[in-house]
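K.L.:
Structure in structure tokens, see below.
The values are calculated or read from the model by the stated rules, or taken from the named source; none is laboratory data. All values reported here derive from a predicted model rather than from experimental measurement. Reconstructed Cβ throughout: ideal geometry from the backbone, glycine too, with neighbour counts over all protein chains shown. Heads up: the accessible areas ignore ligands, DNA and RNA and are worked out on the full protein's heavy atoms, side chains in. Shrake-Rupley method; radii C 1.70, N 1.55, O 1.52, S 1.80 Å.
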Amino acid sequence: MADINLKGVGVALITPFKQDESVDFEALGKLVDFQLQNGTDYLVVLGTTAETPTLTEEEKKQITDFIVTKVRGRIPVVLGVGGNCTRSIVEKLKKDKFDGIDAILSVVPYYNKPSQEGIYEHYKAIAEATDLPIVLYNVPGRTGVNMTADTTLRIAREFKNVIAIKEASGNMTQMDDIIKNKPANFNVISGDDGIAFPLITLGAIGVISVIGNAFPKEFSRMVRLALEGDYSSARTIHHSFTELIDLLFVDGNPAGVKSILSVMGFIENKLRLPLVPTRITTFEKIRDVLKQLSIKC
């Protein structure tokens, strides 16, 4: 298993679509270049923010290959490989090629609501199916079940290729418990932009970010300052973004950040059903906050 450094800001890339809903690879290329030029530490491909459930298997492969080719090993690429059928994930890990992929991000199984033992067995099967580094992803607001600190720590201690967790439970006590009791080779990554700063002060190593799609330079600076212990400077940037981060999720992710990226000229403001663009009223509020931030809109 190769070493991988996931300290800092990982950006969960959106998938740009043209008006006919086909994947806009030209826009995707510009967005990847934007990330590379503005301090993003690594990219997360085919996560929630990519609207992955609406993509075909062929599109997923094309997007992954395109990004890996574009990045050329300059920063790590983490690929979303998860689901609620353990057997299917295991087969994929054993069958597919993962050239250019530095780690996988695998979400807690959704919809079927497994027990904690079921979650443990799910990740045990995944860990034993691949030599790739694995980042767990706990997001109970989407999956319908919370992976407890005890279960996370049990997995972290037993499987050396499980290297981190993207924690998006919103439960600071739970996250702090993981940080406090984790093995040395395991790290906690914030799954929410809004709590990235406070979680870093507790010992997290960074964030997998949505807002970083649009503001990689500013958000990366905040995270670096926090990791360096300059909490005062980091806090100032954190507070400047809190209102905008809240607005980005009012109409669902990635509707908010796509609306900003469209105004910035990167993409068409297009999503695939069942997701739709953010409401005009929400976007007007976003635009007002951007003006206050002196960001051109």
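K.L.:
Quick one: count up the residues across the range 157-202 that are within 28 Å of Leu225 (Cβ to Cβ) and out of contact with any strand residue (DSSP E or B) (no Cβ under 6 Å at 6 or more places or on another chain).
P.N.:
First, pick out the residues of the range 157-202 that are within 28 Å of Leu225 (Cβ to Cβ): 163-202.
From what's left, out of contact with any strand residue (DSSP E or B) (no Cβ under 6 Å at 6 or more places or on another chain): 163, 168, 170-174, 176-177, 180-186, 192, 194-195, 197-198, 200-202.
Selection size over the range 157-202: 24.
K.L.:
Determine which single condition Gln19 fails, assuming it passes every other condition in (1) open to solvent by 10 Å² or more (accessible area, probe 1.4 Å); (2) assigned to a helix (DSSP H, G or I); (3) of a type in the set (S, T, N, Q).
P.N.:
(2)
K.L.:
Next question, about the same structure. Given the condition surrounded by fewer than 16 Cβ atoms within 10 Å (Cβ to Cβ), free of Cβ contacts under 8 Å to residues at least 40 places away in the same chain and not in a helix (DSSP H, G or I), answer yes or no: does some residue in the range 116-131 qualify?
P.N.:
No, there is no match, as no residue in the range 116-131 is surrounded by fewer than 16 Cβ atoms within 10 Å (Cβ to Cβ), free of Cβ contacts under 8 Å to residues at least 40 places away in the same chain and not in a helix (DSSP H, G or I).
K.L.:
Still on this model: For the range 191-209: of the residues being touching a Lys or Arg at 6+ places or on another chain (Cβ under 8 Å) and under 12 Å from Met222 (Cβ atoms), which is surrounded by the fewest Cβ atoms within 10 Å (Cβ to Cβ)?
P.N.:
It comes out as Phe197.
K.L.:
Restricting to the range 153-196, what's the tally of residues that are farther than 18 Å from Val107 by Cα, of a type in the set (Ser, Thr, Tyr) and assigned to a loop (DSSP other than H, G, I, E, B)?
P.N.:
0
K.L.:
Which residue is least open to solvent (accessible area, probe 1.4 Å), if the candidates are limited to the range 22-63 and must be among the hydroxyl-bearing types (Ser, Thr, Tyr) and either assigned to a helix (DSSP H, G or I) or more than 20 Å from Gly80 (Cβ to Cβ) (or both)? Reasoning before the result, please.
P.N.:
To start, the set of residues in the range 22-63 that are among the hydroxyl-bearing types (Ser, Thr, Tyr) comprises 22, 40, 42, 48-49, 52, 54, 56.
The next check asks that each one be either assigned to a helix (DSSP H, G or I) or more than 20 Å from Gly80 (Cβ to Cβ) (or both); those that pass are 22, 48-49, 52, 54.
Working: Ser22: 41, Thr48: 47, Thr49: 6, Thr52: 22, Thr54: 37 Å².
Taking the candidates together, the pick is Thr49.
K.L.:
If you don't mind, another one. Which condition does Gly256 not pass, out of (1) open to solvent by 20 Å² or more (accessible area, probe 1.4 Å); (2) closer than 13 Å to Thr49 by Cβ, if it passes all the others?
P.N.:
Unmet condition: (1).
K.L.:
When the range 93-115 is examined, which residues are found to be closer than 22 Å to Ser209 by Cβ, assigned to a loop (DSSP other than H, G, I, E, B) and open to solvent by less than 40 Å² (accessible area, probe 1.4 Å)?
P.N.:
Step one: of the range 93-115, the residues closer than 22 Å to Ser209 by Cβ are 100-108, 110.
Imposing the further condition that a residue be assigned to a loop (DSSP other than H, G, I, E, B) reduces the set to 100-102, 108, 110.
If the condition is that a residue be closer than 22 Å to Ser209 by Cβ, assigned to a loop (DSSP other than H, G, I, E, B) and open to solvent by less than 40 Å² (accessible area, probe 1.4 Å), then Ile101, Val108 are the ones that fit.
K.L.:
Looking only at residues in the range 259-273 that are open to solvent by 10 Å² or more (accessible area, probe 1.4 Å) and free of Cβ contacts under 8 Å to residues at least 60 places away in the same chain, which one is farthest from Phe34 (Cα to Cα)?
P.N.:
Asn269
K.L.:
Which ones in the range 71-89 are under 21 Å from Val11 (Cα atoms), basic (Lys, Arg) and out of contact with any Leu (no Cβ under 8 Å at 6 or more places or on another chain)? Show your work before the answer.
P.N.:
Within the range 71-89, the first condition is being under 21 Å from Val11 (Cα atoms), and the residues that meet it are 71-83.
Add one more test, that the residue is basic (Lys, Arg), and what stays is 72, 74.
Arg72, the sole residue that qualifies.
K.L.:
While we're on this one: If you check Phe186 against the conditions, is it within 20 Å of the chain's Cα centre (by Cα), of a type outside the set (Val, Ile, Thr) and either open to solvent by less than 10 Å² (accessible area, probe 1.4 Å) or over 28 Å from Gly256 (Cα atoms) (or both)? Explain how you work it out, then say what you get.
P.N.:
Working: within 20 Å of the chain's Cα centre (by Cα): yes; of a type outside the set (Val, Ile, Thr): yes; either open to solvent by less than 10 Å² (accessible area, probe 1.4 Å) or over 28 Å from Gly256 (Cα atoms) (or both): yes.
Against the criterion (within 20 Å of the chain's Cα centre (by Cα), of a type outside the set (Val, Ile, Thr) and either open to solvent by less than 10 Å² (accessible area, probe 1.4 Å) or over 28 Å from Gly256 (Cα atoms) (or both)), Phe186 qualifies.
K.L.:
While we're looking at this one, here's another question. Scan the range 210-227 for residues that are open to solvent by 10 Å² or more (accessible area, probe 1.4 Å) and without any contact (Cβ under 8 Å) to a residue 60 or more places away in the chain and jot them down.
P.N.:
Kept after step one, since they are open to solvent by 10 Å² or more (accessible area, probe 1.4 Å), are these residues of the range 210-227: 210, 217-218, 221, 224-225, 227.
Within the range 210-227, Glu218, Leu225 qualify.
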